[in-house]
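Below is one structure, written out as structure tokens, with a few remarks after it.
The values are calculated or read from the model by the stated rules, or taken from the named source; none is laboratory data. As the structure is a prediction and not an experimental result, all values here were calculated from the model. Heads up, the Cβs are rebuilt from the backbone with ideal geometry, glycines too, and the neighbour counts pull from every protein chain shown. Side chains included, ligands, DNA and RNA excluded: accessible areas come from the protein's heavy atoms. Shrake-Rupley method; radii C 1.70, N 1.55, O 1.52, S 1.80 Å.
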Protein chains: 2
Amino acid sequence: MSKVSIEDQLTSTLLQQTFLDGEVLDIEEYKKSVVSYVEIEQCVAVLSDFQADCSYIYAGNFGEFFGLSSENLIIDSAFEDCIFNKINSDDVTERHALELQYIQFLKNLPGEEYRKYSTFSRLRTSDSQNVNYINHRTMYLKKSSNGSIWLALCLYSPSGNLQTSTGIDGRIVNMQTGETIASEKYKSLSETLLSKRELEILKLAAKGNNSGQIAGFLNISVYTVRRHRQNIIQKMQVSNTTEALRTALVMGLIQV
Amino acid sequence: MSKVSIEDQLTSTLLQQTFLDGEVLDIEEYKKSVVSYVEIEQCVAVLSDFQADCSYIYAGNFGEFFGLSSENLIIDSAFEDCIFNKINSDDVTERHALELQYIQFLKNLPGEEYRKYSTFSRLRTSDSQNVNYINHRTMYLKKSSNGSIWLALCLYSPSGNLQTSTGIDGRIVNMQTGETIASEKYKSLSETLLSKRELEILKLAAKGNNSGQIAGFLNISVYTVRRHRQNIIQKMQVSNTTEALRTALVMGLIQV
């Protein structure tokens, strides 16, 4: 049985890419661009290098919000846990799921077209007493000539929109036209993380059916249903079916 | 009788500022920052120098939308009419009004605090058949040591939000906290463009009262009401009261 959480799936998708020997990236140019960007936008920007598995964090005024000083920071990971820790964990999971869908989407684009797209999401902070909303965007700045994603830029800025909402309003945006791509949320993710049968079982469980009832509907043994449920729990890296349902709902894998 | 349109008022506010002899701005650094910004954001950016009364236009992918080539453009005006012409003229007026309020607001901030704020608005294109929405932001990058606004940056990017709305959703945003400032729209503008009495008359006219009725309400002569109405029309640079009412509504000076 494989045990693959959304986070693990995203991490391995990006860090297990192959890079060509001898291909060198002039990251200094990109770092300068990001410094300029932050100077204008006053946001927090994280430039992640997936080949080196490290990140450069640049904090404008908005850095105060995360307790980041205005000094630039280098961290020994392509994933900025120091920021994720300050964001609602359900929202981080959903954001990771959006990134997986984004990678899937970009794979099918020709040439430099990927530079036209960015993700957008709106994340809650982890402080449940004083919820603040953060606009989060990701764009890929550079691919290797073999198609591997080399450099990503994550942007964190305050959201003026204080309306409560379920989910992160995750979108893939065409920055040239404003068009929103793949509004059917995380469809490709549901296809890759859970099997068709697992999804079927999760949907029946969401409707309040127990394992016996699900077995009856699908004409399989209760033992098989239980095995599938266990796999779902492990794949989603949750403790029980209730959590699996909540996470699947957040991720848009199932609807109520 | 003065004849001051919103556009004239904004133009004179920014172009009739005084700059100190001998104070030199290294605009090249700012130009480089904007080039980097556009490279990442793929938007259209206009860097306006109010001392020299000229603008530098940088077009990322979104430039195609305005028919701008990716080559950088220098224009002989701090106001980018080549872009304004492609935007709904009511929205341009309302955007100018927002800028006037923004200038007013920034005047009261100490030191470098003005760098924390930006305006946000959502403008319709001038093509009434195929309306597209454009996110528009302005921020001031540099003031002279005497407080005059030296360099402004206007950013045009596609809006993914296609909901129709009345008005431009104009806001002054604290980029550090996301807080929206001065939600009571263009209050300070209404105070500077129209007199208290003119505003009173406009509000009564909006309720369908004719000059005679307004004269009765305010206990003044019909002649005085007519004179005020004429002043309003000239100040707002419109042809008649109907247009004045429509413009005032768009600007948020009056409510229905």
(request) Would you mind finding the one in A:D91, A:D81 that is free of Cβ contacts under 8 Å to residues at least 40 places away in the same chain and in the same structural domain as A:Y156 (by TED's automatic domain parsing)? (result) A:D81
(message) Quick check on A:G22: is it over 21 Å from the mean Cα position of the chain (by Cα) and away from chain B (no Cβ under 14 Å)?
(response) yes
(request) Please determine, by comparing only the residues of segment B:158-178 that are within 11 Å of chain A (Cβ to nearest Cβ) and under 17 Å from the mean Cα position of the chain (by Cα), which one is least open to solvent (accessible area, probe 1.4 Å). (result) B:I172
(request) Working only within segment B:126-147, note down all residues that are open to solvent by less than 10 Å² (accessible area, probe 1.4 Å) and farther than 17 Å from B:Y37 by Cα. (result) B:I134, B:S144
(request) State all residues of segment A:99-132 that are within 25 Å of B:T177 (Cβ to Cβ) and among the hydrophobic types (A, V, I, L, M, F, W, C); if no residue qualifies, say none. (result) A:F120, A:L123, A:V131
(request) Among residues belonging to segment A:56-81 that are under 20 Å from the mean Cα position of the chain (by Cα) and farther than 20 Å from B:E39 by Cα, point out the one that is nearest to the other protein chains (Cβ to nearest Cβ). (result) A:F66
(message) Suppose we keep only residues that are among the aliphatic types (A, V, I, L, M) and assigned to a loop (DSSP other than H, G, I, E, B) within segment B:159-181. Which one would you say is nearest to B:L98 (Cα to Cα)?
(response) B:I168
(message) Considering only residues that are open to solvent by 70 Å² or more (accessible area, probe 1.4 Å), in contact with a helix residue (DSSP H, G or I) (Cβ under 7 Å, 6 or more places away or on another chain) and outside any helix (DSSP H, G or I), which ones fall in segment B:3-25?
(response) B:K3
(request) Residue by residue through segment A:209-256, note down the ones that are at pLDDT below 90, part of a loop (DSSP other than H, G, I, E, B) and open to solvent by less than 70 Å² (accessible area, probe 1.4 Å). (result) A:M236, A:V238, A:N240, A:G252, A:L253, A:I254
(request) Would you point out which residue out of B:N61, B:N72 is surrounded by 14 or more Cβ atoms within 10 Å (Cβ to Cβ), without any contact (Cβ under 8 Å) to a residue 24 or more places away in the chain and of a type in the set (S, T, N, Q)? (result) B:N61
(message) For the structure I just gave you, tell me whether A:I57 is within 27 Å of B:K116 (Cβ to Cβ), outside any helix (DSSP H, G or I) and among the β-branched types (V, I, T).
(response) yes
(request) Residue by residue through segment A:84-142, note down the ones that are within 13 Å of another protein chain (Cβ to nearest Cβ) and assigned to a loop (DSSP other than H, G, I, E, B). (result) A:N130, A:V131, A:N132
(request) Please state which of the following conditions B:S48 fails to meet, knowing it meets all the rest: (1) open to solvent by 10 Å² or more (accessible area, probe 1.4 Å); (2) at negative phi. (result) (1)
(message) Scan segment B:135-143 and tell me whether some residue there is modelled with pLDDT of 90 or more and either over 23 Å from B:I83 (Cβ atoms) or not assigned by TED's automatic domain parsing to the domain that holds B:Y37 (or both).
(response) yes
(message) Where the second residue is polar (S, T, N, Q) and modelled with pLDDT under 85 and the first is at positive phi and lies in segment B:181-206, which pairs have Cβ atoms under 7 Å and are six or more apart or on separate chains?
(response) B:A182/B:Q101; B:Y186/B:Q101
(request) Take the residues in segment B:26-44 that are more than 11 Å from chain A (Cβ to nearest Cβ) and open to solvent by 30 Å² or more (accessible area, probe 1.4 Å), then tell me which one is nearest to B:W150 (Cα to Cα). (result) B:D26
(request) Show the residue pairs that are 6+ apart or on different chains and have beta-carbon atoms under 9 Å apart, the first residue being within segment A:159-177 and on the phi < 0 side of the Ramachandran plot, the second being aromatic (F, W, Y) and modelled with pLDDT under 85. (result) A:G170/A:Y186; A:I172/A:F105
